[in-house]
Amino acid sequence: MTETEHYTDAYASTHGRFTVVPAAYVLLRRGDEVLLQLRRGTGYYDEHWAFGAAGHVEAGESLPAGAAREALEELGVEVAPDALELLTLMHRTDGSGRPIEQRFDVFFQVREWSGEARIIEAQKAAALEWFALDALPEPVVPHERQVLEALRDGRLAPVSLFGFTEASNAGQ
């Protein structure tokens, strides 16, 4: 396939099993503290603490651009894409085999931004608070807790797995 060739719509429509949902997560850092939001009204892990900003990467948008957009939309802070530090890429599933549950979550941290972090989407978040990594609140969204604890313990791998069976996690 040359640089100018593309998959046809007919070909693409027969390959839906390859759907992967990419998401970017942004963790604001202040020393050993992290900024977490309390989810509410989203229908997904409501009343759980989560990274300050996260969301799906839009079609045609790069991961860093999507992360910076989410930080602005959810926290009201401007993040330069080149200020984002990659923490881990998480391959995540719920085990159902449904294409929508095959996910790549890319976790970033950032130590420099412009503006004061605040709740922008009040219909989706009930609180925004700083926590020390060794004093995380309860409950935290499970796959996000895995990243936070590995970060705290200095054992965060470049690629993380979540939701796969023990056999498929061998070597993790």
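The values are calculated or read from the model by the stated rules, or taken from the named source; none is laboratory data. Here the structure is a predicted model, which is why all the values come from computation and not from measurement. Cβ atoms come from the backbone with ideal geometry, glycine included; neighbour counts cover every protein chain shown.
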Could you tell me whether any residue of segment 99-114 is among the small types (Gly, Ala, Ser), surrounded by fewer than 19 Cβ atoms within 10 Å (Cβ to Cβ), on the phi < 0 side of the Ramachandran plot and modelled with pLDDT under 95? no
If you go through segment 36-86 one residue at a time, how many are over 14 Å from Leu128 (Cβ atoms) and of a type in the set (A, V, I, L, M)? 12
Determine whether Glu70 is at pLDDT 95 or above, of a type outside the set (Gly, Ala, Ser), within 18 Å of Arg103 (Cα to Cα) and out of contact with any helix residue (DSSP H, G or I) (no Cβ under 7 Å at 6 or more places or on another chain). yes
Which of (1) without any contact (Cβ under 8 Å) to a residue 40 or more places away in the chain; (2) farther than 21 Å from Ala24 by Cβ; (3) touching a Leu at 6+ places or on another chain (Cβ under 9 Å) does Arg145 not meet, given it meets every other one? (2)
Any hit, segment 14-25, residues being modelled with pLDDT of 95 or more, surrounded by 16 or more Cβ atoms within 10 Å (Cβ to Cβ) and in a strand (DSSP E or B): yes
Among the listed residues Leu161, Leu156, Leu151, Leu87, which satisfies the condition of being more than 18 Å from Val57 (Cα to Cα), in a strand (DSSP E or B), among the hydrophobic types (A, V, I, L, M, F, W, C) and within 17 Å of the chain's Cα centre (by Cα)? Leu161
